[in-house]
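The values are calculated or read from the model by the stated rules, or taken from the named source; none is laboratory data. Just so it is clear, the structure is predicted and the values come from calculations on it, not from any experiment. No Cβ is skipped: glycine too gets one built from the backbone with ideal geometry, and neighbour counts run over all protein chains shown. Just the protein is used for accessible areas: all its heavy atoms, side chains included, with ligands, DNA and RNA removed. Shrake-Rupley method; radii C 1.70, N 1.55, O 1.52, S 1.80 Å.
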Amino acid sequence: MDGLMSHGPSGPPSYAGGTPRPDQLRAADSDRERIVAVLSDAAADGRLTPDELEERATLAYSARTLGELSGLTADLLPPEEQPLRTDTRPVLAFFRTERKEGRWVVPPHYSATALCANVTLDLRDAVLQTGHIRLQATVVGGTLTLLVPQGVKVLMPASSFLGSKKSQVAGDARPDAPTIEITGFVSMGTIIAKTPKPPKQPRLGGLLRRRSLP
């Protein structure tokens, strides 16, 4: 996850509080590769011609910001399946399940509402606009789950009435680590923050032995 701070005078334009807009955040090499992978799939099934693939891939590798990249796949996938998402609208879930994951931008102030609903915010691959994110949570009769990578600090000053707040965040974060502060309230529901365990990698030796058996 990239915790991005505001750019200096030589960077792209700054906006409220000196923070660049989501579409003005600098793109990483991994972001460019995500876009090119989608373009390649689109060319493979005929949605892009070879010339269109070459043109868009060239633009992807030369793009500097997330906004420049996201426009290259806007007509290829629905919004919820885009490889990059700079839409920072809050999550509102009523009597349903909502999950936000992948490469998405988390603004300095974000809100999530779960009314008799289950909401999951996966930040493991997200881009933080600032190093301190305030998440305004409203949870009534539901569950808000926050998934963070190791090294992120999570604070929970949110108030609770007949509800619970649980932190299962792994490891001790550095003093300058990105911080997620969960405010708001929970009633007859749960707010939980945790660091999922990485998937187990198969042992190479065991695989080789099994493959060598007759």
(request) For the stretch 154-170, take each phi angle, set θ = phi - 60°, evaluate the Karplus expression 6.51 cos²θ - 1.76 cosθ + 1.60, and give the result in whole Hz per residue in order, putting x for glycine and proline. (result) 10, 10, 10, x, 4, 7, 9, 9, 6, x, 9, 10, 10, 10, 10, 6, 7
(request) Give a residue-ordered list of calculated ³J(HN,Hα) values for the stretch 179-191 (Karplus: 6.51 cos²θ - 1.76 cosθ + 1.60, θ = phi - 60°; whole Hz; x for Gly, Pro). (result) 10, 10, 9, 9, 10, x, 8, 9, 9, 6, x, 9, 10
(request) Holding the Cα-Cα limit at 18 Å, pick out from K165/K197; K100/K194; K100/K165 the pairs that are longer than that. (result) K165/K197; K100/K165
(request) For S30 paired with R96, estimate the spin-label separation in nm (one decimal), with each label point 7 Å from Cα along the Cα-to-Cβ line. (result) 3.0 nm
(message) Cross-link candidates for K166: which aspartates and glutamates have Cα within less than 15 Å, leaving aside residues fewer than 8 places away along the same chain?
(response) E181
(request) Classify the stretch 55-99 as rounded, prolate or oblate from the Cα gyration tensor: take a ≥ b ≥ c as the square roots of its eigenvalues, call it rounded if a/c is under 1.5, otherwise prolate when a/b beats b/c and oblate if not. (result) prolate
(message) If each residue of separation counts as 0.36 nm, what is the full-extension length gain between Q150 and A74 once their alpha-carbon separation is subtracted?
(response) 24.2 nm
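Between R89 and S160, what FRET efficiency follows from the Cβ-Cβ distance if R0 is 35 Å, with the result rounded to 0.05?
Numbers: r = 26 Å, r/R0 = 0.75.
Efficiency for this residue pair is about 0.85.
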(request) Compute the Cα gyration tensor for the stretch 18-118, then decide on rounded, prolate or oblate, letting a ≥ b ≥ c be the square roots of its eigenvalues: rounded whenever a/c is under 1.5, prolate when a/b is larger than b/c in the other cases, and oblate in all that remain. (result) oblate
(message) Under the rule a/c < 1.5 gives rounded, and otherwise a/b versus b/c splits prolate from oblate, where does the stretch 126-204 land using the Cα gyration tensor?
(response) oblate
(request) Note down the accessible area of R32, probe 1.4 Å, to the nearest 10 Å². (result) 40 Å²
(message) Under the rule of at least 5 residues apart or a separate chain, name every residue whose amide H is placed under 5 Å from the amide H of L92.
(response) T113
